[in-house]
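**Q** Mind looking over this structure? Questions follow.
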Amino acid sequence: MTSYQRWTLCTEHTSYTVRLSPDGPWAELDAWGPRGVEEGPSALDWSRRTHFVTPVDAAPAEYLPYGLRPFTESELVVARPGRERGVWWDFAGAEEGEGSLRLAFTDDVLSLRTVLCYETVPGTDVILRWTELTSMEELRLERLDSAAVNIPVAGPARLTYLAGQWSQEFQRHQLDLARGTFTMGSLQGAPGHAYAPWLAVQDGDAEAAYGIALEWPGNWHITAEAEPGGTVRVRAGRVPHEGAVVLAPGKTLTTPRLACAFSPEGLDGLSRVWHRYERHLTGERIHRPRRVLYNSWEATGFDVDAAGQLELAKVAADIGAELFVVDDGWFTGRADDTGGLGDWYPDPAAFPQGFGPFVEAIRALGLDFGLWVEPEAVSPTSRLYAEHPEWVYRIDGRPTRLIRNQLLLDLGRTDVQDFVIGTLDRLLTEHAVSYLKWDMNRPPTERGRPAAGPAERLDLDAEHVAGYLRVLDHLRSAHPHVMVEGCAGGGGRIEHATLARTDVVWPSDNTAPLDRLSIQYGFLHAHAPHVMSSWVTDAPGIFDTRPRSLAFRFVNAMCGVLGIGADLRAWTSEQRAEASRWITRYKEVREVIHQGDVQLLGTPKDPTFGVQYDDPKAGRTVVAALSTGHLDGAPLVPGRPARLRLRGLTTEARYRDAVSGSTYSGAHLLHYGLPFAWRIDHDAELVVLIRQ
Ligand code: DGJ
């Protein structure tokens, strides 16, 4: 048996082994899976017979440049002005640390040093990978992926991805890729609504699931290629707006991080790995209870005034909300979506007694106060635009198009970042604002920065990302008490860099019950419940119009961070009383929901769908059970209750329903499941089980 230079990184339950290839100067995957998986011949090993390709084209390589790998796609494409494209490098050494590894490769002709970086994340089964590039001469990086991952497969690879559109984000899709390429991404300067930067790969029907997620709130791609020799190779990285990035002499470019996860327990187990990772990203702030919010957007739209908002706030406080957020429409010039953006001053006509007294009146109701902003946006009719037309993206000699009647500020400019920071500092210090909803409703179109020199030397996408993250970091350090909600016309900008700097995100503008269920089902595959903001509203369905009860809307919204967005003024006293009961129940269990282990029970296509949250230490299990509307006619015909089989409980233990007092053995709950006798007017329940 040949001996290779190998390095193994260990996470809680997994190991990831990289080796230096016996065939040439590159690193390749030896094994990735449950701990110990590297003991045995590599499942990625191959015959080394190649026809019409080079050995490196067939290798399960971790990262390769075009040049060295000529035919089968590479992660790095480098050009020198007037010279051939391509990199041919040699191995230049490894540095191993506690949970980290750095493998260096150098191309002396280009004086390019490429370092493949690995880092395990304590307490999770996630390994972070990224690449650092340094050169002594100026180079153009036409492709600069973060990493490639290799997964051996016996047949077609099962790919699971989250795709959609505005108002229908995070729909779970699957395809079996036998040969060829599957690619997804965004050129919208944000992850976008069309695809989440997240992918899961399985070997056909096999349970074990591999996942990747790219930490980059700008342009991106994830590309999976099923190769002939029984592997699927996935490449992922940012996509520069200018087509290439100039690597300046002596400077190091660091790519975004690619988080790589593994679970032997299928997609459901993989989701728990991602949830734990996102709790890690949240850090200590996980222990801050996410307060039950009321948001006025669906009730009042742009029609915001003190009297109307206070009327809503009184009912919200009565039913148990803890935070009142005034959405779009509170600032000057914002009668509709044609004006106002950029001029972040409260509209005196809407708040005749002053904004300060209005905020205090809300707080006097016992509610925290929150505010909506869209800091990157500017209306062409605003004062800001009149004063700083040079702050928006534009291309000389080209018309600037409007989307939602607005333009986008070039947040890559330091002066724009300083303006945004100054504006937010002013709003957050002048008034007792403890919650900020950061929205973004238009991607960049004519993306240029006139007067900044040759366009091909710019890296506008990365600069915008850096500006966005700088402002978010500032919010965290200067206003640590402020909770931040990330939003981009719904779920248009949700990825790990945003999640590390916000407290919750808004997955979609679609709050209709069955539509939302399907969005949340996909969302929970990739993201944790403590970041999933969800409102109870009056919205009818867009894609699935079947009516659902108020209970359904509550239980559905309680699957994440509960909020209310309905026009409470129109609610009857019975509806308000029911809402109050649900909010009380939610407050009792939100800690389990936000910090527990999640099991997705079935799919929203099943007649009964559920989400189970376990806090094994406290012996508490919360089950959100939802009837999706396929009734069997009971009790008109002999019908038995629907059953929702739970998972992960202890067979021998006994569990008591905290409300009904019924007790069940673990075996019963795992084998038969919890019973639900759904009726047309009873389509959701929240069950709390206490382990005896
Ligand atoms: C889009 C957001 O997703 C909505 O929740 C709302 O804030 C509107 N923008 C306001 O313009």
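Values in this text are rule-based calculations from the coordinates and carry no lab data. Being a predicted model, the structure only gives us computed values, none of them experimental. Quick reminder, even Gly has a Cβ in these numbers, built from the backbone with ideal geometry, and neighbours come from all protein chains shown.
**Q** For residue 87, which sequence-distant residues (separation of 5 or more, or a different chain) have an amide H within less than 5 Å of its own amide H, given hydrogens modelled in the peptide plane?
**A** When sequence neighbours closer than 5 places are left aside, the close amide H contacts are 66, 67, 68, 78.
**Q** Residue by residue through the range 368-385, what is 3J(HN,Hα) from phi via Karplus (6.51 cos²θ - 1.76 cosθ + 1.60, θ = phi - 60°)? Round to whole Hz and write x for glycine and proline.
**A** Using θ = phi - 60°, the values come out as 6, 10, x, 9, 8, 9, 10, x, 8, 9, 8, 8, x, 8, 7, 5, 4, 5 Hz.
**Q** What percentages, rounded to whole numbers, describe P(r) for the range 414-559 computed over all alpha carbon pairs with 5 Å bin width beginning at zero?
**A** For the range 414-559, the pair-distance distribution reads 2, 8, 15, 17, 16, 13, 11, 9, 5, 2, 1, 0.
**Q** For the range 612-691, with only Lys/Arg (+1) and Asp/Glu (-1) charged at the beta-carbon, what is the dipole magnitude about the Cα centre, in debye rounded to 20?
**A** Numbers: 10 positive and 8 negative charges, 58 e Å.
Rounded to the nearest 20 debye, it is 280 debye.
**Q** How big is the gap, in Å, between the Cα center of the range 31-45 and the Cα center of the range 74-95?
**A** Distance between centres, Cα-based: 29 Å.
**Q** Given C-alpha coordinates of the range 2-283, what is the ratio Rg to Rh with the Kirkwood estimate of Rh?
**A** Values: Rg = 18.0 Å, Rh = 19.1 Å.
My calculation of the ratio gives 0.94.
**Q** Counting helices only, and only those DSSP H runs with n ≥ 4, report the 222 nm mean residue ellipticity of the chain as the sum of -39,500 (n - 2.57) divided by its residues, in deg cm²/dmol to the nearest 500.
**A** Details: 13 runs with 145 residues, N = 692.
Mean residue ellipticity, 222 nm, calculated: -6500 deg cm²/dmol.
**Q** Over the range 342-462, what is the relative contact order in percent, taking alpha-carbon pairs closer than 8 angstrom and at least six residues apart? Write down the numbers at each step before the final one.
**A** Details: 144 pairs, mean separation 40.5, N = 121.
Answer for the range 342-462 is 33 percent.
**Q** Just tell me, in residue order, which DSSP H segments of the chain are both 18 angstrom or longer along the helix axis (alpha-carbon based) and at least 0.5 in mean Kyte-Doolittle hydropathy.
**A** Numbers: long enough: 266-282 (24 Å, -0.93); 306-319 (20 Å, 0.75); 414-430 (23 Å, 0.15); 460-478 (26 Å, 0.03); 513-526 (20 Å, 0.12); 573-595 (33 Å, -1.29).
In the chain, the long hydrophobic H runs are 306-319.
**Q** Based on the mean of other Cβ atoms within 10 Å per residue, sort peptides 411-422, 294-305 so the most packed one is first.
**A** On the way: 411-422: 17.9, 294-305: 20.2.
Peptide ranking by packing, descending: 294-305, 411-422.
**Q** For the range 276-339, with equal point scatterers placed on the C-alpha atoms only and solvent neglected, what are the log10 I(q)/I(0) values from the Debye formula at q = 0.24 1/Å, to two decimals?
**A** Values, matching the q order: -0.92.
**Q** Let me ask something else. Percent antiparallel among DSSP beta bridges with both residues in the chain, to the nearest 5? Don't skip to the answer; put the middle values down first.
**A** Values: 130 of 157 bridges.
Antiparallel: roughly 85 percent of the beta bridges in the chain.
**Q** Let me ask something additional. Can you pull a Stokes-Einstein diffusion coefficient for the chain at 4 °C (1.567 mPa s), Rh from Kirkwood over Cα pairs, as a whole number of µm²/s? Walk me through the numbers before you get to the answer.
**A** Working: Rh = 26.8 Å.
Approximately 48 µm²/s, per Stokes-Einstein.
**Q** Can I ask one more? Summarise the long-distance tail of P(r) for the range 612-691 by giving the % of C-alpha pairs beyond 19 Å. Present the calculation step by step, with values, prior to reporting the outcome.
**A** On the way: 1146 of 3160 pairs.
The proportion of pairs with Cα distances above 19 Å equals 36 percent.
**Q** Just how many % of Cα pairs in the range 466-540 lie over 22 Å apart, if you round to the nearest whole percent? Don't skip to the answer; put the middle values down first.
**A** Working: 719 of 2775 pairs.
It works out to 26 percent of all Cα pairs.
**Q** Next up: Project the alpha carbons of the range 271-416 onto their principal axes and report the range along each, largest first, in whole Å.
**A** Ordered largest first, the range 271-416 gives principal extents of 55, 49, 25 Å.
**Q** For the chain, what is the relative contact order in percent, using Cα pairs closer than 8 Å and at least 6 residues apart in sequence? Display every interim value, and only then the final one.
**A** Details: 1665 pairs, mean separation 68.3, N = 692.
Answer for the chain is 10 percent.
**Q** Contact order normalised by length for the range 280-348, with contacts defined as Cα pairs under 8 Å and 6 or more residues apart; what percent is it?
**A** Relative contact order, the range 280-348: 32 percent.
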